[in-house]
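For reference, the structure is listed below as structure tokens.
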Amino acid sequence: MFTKLFNRIVIVSFVILTLSIVPAFAGINEREKIEQAIMALDEIMAIPEKGIPPSLLGNAQAIAIIPNVIKAGVIIAGRFGRGVMLVRSENGQWGHPIFITIGGGSLGFQVGAQSTDVVLVFKNKRGTEKIFRGKMTLGADAAVAAGPIGRRVEASTDKAFRASILSYSRSRGLFAGVSLEGSVLSVDDEWNREFYGRPAPAKELISGKGSLPATAAKLKKKLNSYVGK
């Protein structure tokens, strides 16, 4: 009896979660998502004394900006979002934006919804290579930790020092904070093809070759402005 009741609750929770997440992404196209990414980066960097250290961005090998990551649930909590990743090419310049998705779920007694802007700073390229081969699970395939804030990075913890990915977020909603452990990152080939108007493999976009839509050029210019280039 209890098992049947629990299963019904889980099913209802999943339906509620799905209905709460889907509308948040309906009607958003690739160009609008990049505009959201620019806005999210601006807002995180504008937080007084709590933005991402420019020196950290300057040494980063890749950065992922995922605006409006939705986490919602009743008993079952789920997470989904779309964003863009930029990886440094062999000449040290930022490659073209690559559309990615983040997803994950967990079982626990949680009620509420949260929208979070997430920025992931990759200290090396090992994590990105995993993504481009299929998918990467944060915490399993690559260690992730909350990054240092402000203009000084000396205050970073041992956990942040050892992690290959540093996370930053700006949250709104009923949940407090954001946990990315277990979240899966993967390339969104369909959005890349639609945005660039051609098949756009991740490796090609990293090289920075090929035409670049104006919105993508705006994002690269914005990112360079924060690293002093």
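The residues of segment 142-190 that are assigned to a helix (DSSP H, G or I), of a type in the set (D, E, K, R) and modelled with pLDDT of 60 or more, listed by number, are 162, 189, 190. Within the option set 44, 76, 52, 16, being in a strand (DSSP E or B) and either at pLDDT below 90 or buried (at least 19 other Cβ atoms within 10 Å of the Cβ) (or both) holds for one residue only, 76. For residue 104, the test of being at pLDDT below 85 and within 20 Å of the chain's Cα centre (by Cα) is passed. Do we have any residue at all in segment 200-221 that's open to solvent by less than 40 Å² (accessible area, probe 1.4 Å), outside any loop (DSSP other than H, G, I, E, B), touching an Asp or Glu at 6+ places or on another chain (Cβ under 8 Å) and of a type outside the set (Ser, Thr, Tyr)? No, that holds for no residue. Candidates are the residues of segment 119-131 that are modelled with pLDDT under 85 and part of a helix (DSSP H, G or I); the one that is farthest from residue 83 (Cα to Cα) is 126. Of everything listed in (1) modelled with pLDDT of 85 or more; (2) over 17 Å from residue 120 (Cα atoms); (3) open to solvent by less than 10 Å² (accessible area, probe 1.4 Å), the single unmet condition for residue 62 is (2).
The values are calculated or read from the model by the stated rules, or taken from the named source; none is laboratory data. Just so it is clear, the model here is predicted, and its values are computed rather than measured. Note that each Cβ is placed from the backbone with ideal geometry, even for glycine, and that neighbours are counted across all protein chains shown. What goes into the accessible areas is simple: the full protein's heavy atoms, side chains included, and nothing from ligands, DNA or RNA. Shrake-Rupley method; radii C 1.70, N 1.55, O 1.52, S 1.80 Å.
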